[in-house]
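Where a number appears in this text, it was derived from the coordinates with a stated rule and is not lab data. Not measured: the values here are computed from a predicted model. We place every Cβ from the backbone using ideal geometry, glycine too, and count neighbours over all the protein chains shown.
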């Protein structure tokens, strides 16, 4: 099913397009949640700490590819809104080649530098070998992460958000089943959990690639479009590189925070690993709604429907705030019960630390929800550089305050937790002030000139 986001009731259109994206990424969280749940319950706190710390590293690495795919998707959406099929095909080819080359380079580098990376993250000696074993397997799946995200981004750019959901559903179920088999039956330890994830990634990547080739041949470039057109490369680079920087900066900041968390020992690592999974799961719907809003704004930006974008902004803010308030109440009220999903009741120290984290973060989900909308909006109206600035504000504040506050004995690790929502709200303030000052020039632009600028 394809959605033309330039027509129809605004709120209903955005929600119907966002729903499969939300469901799909919630399912994708099961990749990591299944690892965390099974590892935490059956392999113990050290294994949980290893897998949780590895997750932060993998999130950073894959964010580079995800950022490139998201940036390219903004160009695809604008071209689709313009009904410019020739430039759409050329953009698809150029972006695929560019991101594939980046993927190869990343894959080679991480295998060569795996030990220095682990040392950089301040991983305790009792966790080191488990994390090494897990990462060595997980790195095998990087190419398939690229394939899935590229074709998912292409399909979503042209209004098809259902197909990515279906492939993720199948692979998520496969991941959970293989986790149980490899960890409980074959006793493969953390490496078994990693192989379960990689096999699931391969299935989703191959499946969505074949589906797109068969069902949407009109989006695949003929021979005359299969060349590295420098003008198109500049267009793609303008969006993809800056979105990549935004995603990378965001996740590098998270990686630095992970390194700081690791310095507090295995109990804090394990609590953080479990709590971050809950945290990510809780606000994932507003992150995906922000991406859906970005596609909505980009298609309408290409079609030069400024008033529809304005109405979409108001609608998106209302939906996001209501959802975040509900989730905040639930996470705050059920923080202990949520931690018990991952941690045994006798692990009282880990439980206490995790509950404290969730109650701090969970109170302020409106901050991250609005920030996702700002990221998506500025990508859609060819200002991805502003998204980078907002990310630097958010993550810069988070990292600086985390290191500063946690060094104060009276505050300690709690300072890391409070630094996160402070960063969200400072970035929100900057993004809203910029929009208020430049509202007219943001929406009234020559899209063709803008893409080639």
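Panel values: segment 336-403, Kirkwood radius from alpha carbon pairs, Stokes-Einstein at 20 °C and 1.002 mPa s, translational diffusion coefficient 149 µm²/s. The per residue volume of the convex hull around the alpha-carbon atoms of segment 10-452 is 128 Å³.
Debye sum, Cα scatterers, segment 160-263, no solvent: what log₁₀ I/I(0) at q = 0.18, 0.20, 0.23, 0.25 1/Å? Taken in order of the listed q values, log10 I(q)/I(0) reads -1.08, -1.08, -1.09, -1.11.
Rounded to the nearest 0.05, the FRET efficiency derived from the C-beta distance between residue 184 and residue 400 at R0 = 45 Å is 0.55. Fewest-first ordering of 197, 212 by other beta carbons within 10 Å of each residue's beta carbon gives 212, 197.
For the chain, relative contact order (Cα pairs under 8 Å, six or more residues apart, normalised by length) works out to 24 percent. The Cα center of segment 40-60 and the Cα center of segment 180-196 differ in position by 14 Å. Let me see the pair-distance distribution of segment 296-346: every alpha carbon pair, 10 Å bin width, integer percents in order. Pair shares across the bins are 22, 26, 20, 17, 13, 3.
Taking label points 7 Å from Cα along the Cα-to-Cβ direction, residue 218 and residue 340 give a separation of 5.4 nm. Ranking of 177, 319 by neighbouring Cβ atoms within 10 Å, starting from the fewest: 177, 319.
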